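The next block holds one structure in the form of structure tokens; read it before the comments.
The values are calculated or read from the model by the stated rules, or taken from the named source; none is laboratory data. Bear in mind that the values here come from a model prediction, so they are computed numbers and not experimental data. We place every Cβ from the backbone using ideal geometry, glycine too, and count neighbours over all the protein chains shown. These accessible areas exclude ligands, DNA and RNA; they are computed on the full protein's heavy atoms, side chains included. Shrake-Rupley method; radii C 1.70, N 1.55, O 1.52, S 1.80 Å.
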Amino acid sequence: MDDLMPSLQPGQLLARGVVRHLASLGMVCIEEFTPERGKRVDVMAMGPKGEIWVVECKSSRADFMADGKWQGYLEWCDRYFWAVDEAFPTDLLPEGTGLIIGDAYDAEVLRMAPEEKLAAARRKAVTRRFATHAARRLMAARDPGVQTEVG
């Protein structure tokens with residue numbers, strides 16, 4: 001059994017499978033990414049052509065019903081997806097969004113999200129923040145004592 005499995009929450013396990021699947025599509029991902037203060041997406045993915053996807057992982061009906069912020073994430077991506085497990089009542093999910101079904105080990109895109117391309121200035125800002133965030137996480141993983149924030 002995977003040593004990580006017992007310590008992860010259901011939504012984190014789902015995110016793990018989503019990240020594995022998106023990586024198989026040539027995308028790179030950051031979990032629990034903050035595109036701006038007050039917003040935290042479960043998974044942000046960047047594709048080989050610079051496309052940006054946001055994936056919100058919902059582990060239960062209650063988890064979904066408690067999420068009132070998701071529409072604020074639309075301005076930070078080209079495509080927006082929900083990721084749920086096979087037991088989730090998908091009829092709850094809003095039209096015009098993508099759907100990914102997954103588990104802790106893999107996932108599959110069942111419904112492609114419509115594309116709403118980011119403006120060039122927003123794409124540049126998101127890409128820069130994505131790269132900076134990824135680099136800081138890598139630095140902290142390699143050297144937990146390193147200060148990664150400026151100021």
Quiz item: Under 6 Å by Cβ, and 6 or more places apart or on different chains, what pairs join a residue from segment 10-22 that is closer than 11 Å to GLU108 by Cα with one that is part of a helix (DSSP H, G or I) and open to solvent by 10 Å² or more (accessible area, probe 1.4 Å)?
Solution: none
Quiz item: Between residues in segment 126-140 that are closer than 19 Å to ASP78 by Cα and residues that are assigned to a helix (DSSP H, G or I), which pairs lie under 7 Å by C-beta distance while being six or more apart or on different chains?
Solution: VAL126/TRP76
Quiz prompt | Qualifying position, being among the aliphatic types (A, V, I, L, M), under 14 Å from the mean Cα position of the chain (by Cα) and within 19 Å of VAL18 (Cα to Cα), among VAL126, VAL54 | solution = VAL54
Quiz item: Under 7 Å by Cβ, and 6 or more places apart or on different chains, what pairs join a residue from segment 80-95 that is under 15 Å from VAL55 (Cα atoms) with one that is part of a helix (DSSP H, G or I) and open to solvent by 60 Å² or more (accessible area, probe 1.4 Å)?
Solution: TYR80/LEU74
Quiz item: Take the residues of segment 84-112 that are part of a loop (DSSP other than H, G, I, E, B) and among the aliphatic types (A, V, I, L, M): which is surrounded by the fewest Cβ atoms within 10 Å (Cβ to Cβ)?
Solution: ALA87
Self-check item: Criterion violated by ASP78 - all others in (1) under 17 Å from GLN12 (Cα atoms); (2) open to solvent by less than 50 Å² (accessible area, probe 1.4 Å) satisfied
Solution: (1)
Practice problem: Give segment 76-95 a look and list any residue that's over 12 Å from the mean Cα position of the chain (by Cα) and either over 30 Å from ARG128 (Cβ atoms) or modelled with pLDDT of 95 or more (or both), or say none. | Solution: ASP78, VAL84, ASP85, GLU86, ALA87, PHE88, PRO89, THR90, ASP91, LEU92, LEU93, GLU95
Quiz prompt | Residue list for segment 30-50, filter: open to solvent by less than 40 Å² (accessible area, probe 1.4 Å) and either free of Cβ contacts under 8 Å to residues at least 24 places away in the same chain or in contact with a Leu (Cβ under 7 Å, 6 or more places away or on another chain) (or both) | solution = ALA45, GLY47
Quiz item: With (1) crowded, with 22+ Cβ neighbours inside 10 Å; (2) among the charged types (D, E, K, R); (3) part of a loop (DSSP other than H, G, I, E, B) as the list, and GLU56 as the residue in question, which single condition is left unmet?
Solution: (3)
Quiz item: Is one or more of the residues making up segment 120-133 basic (Lys, Arg), in contact with a helix residue (DSSP H, G or I) (Cβ under 9 Å, 6 or more places away or on another chain) and either loosely packed, with under 15 Cβ neighbours inside 10 Å or part of a helix (DSSP H, G or I) (or both)?
Solution: yes
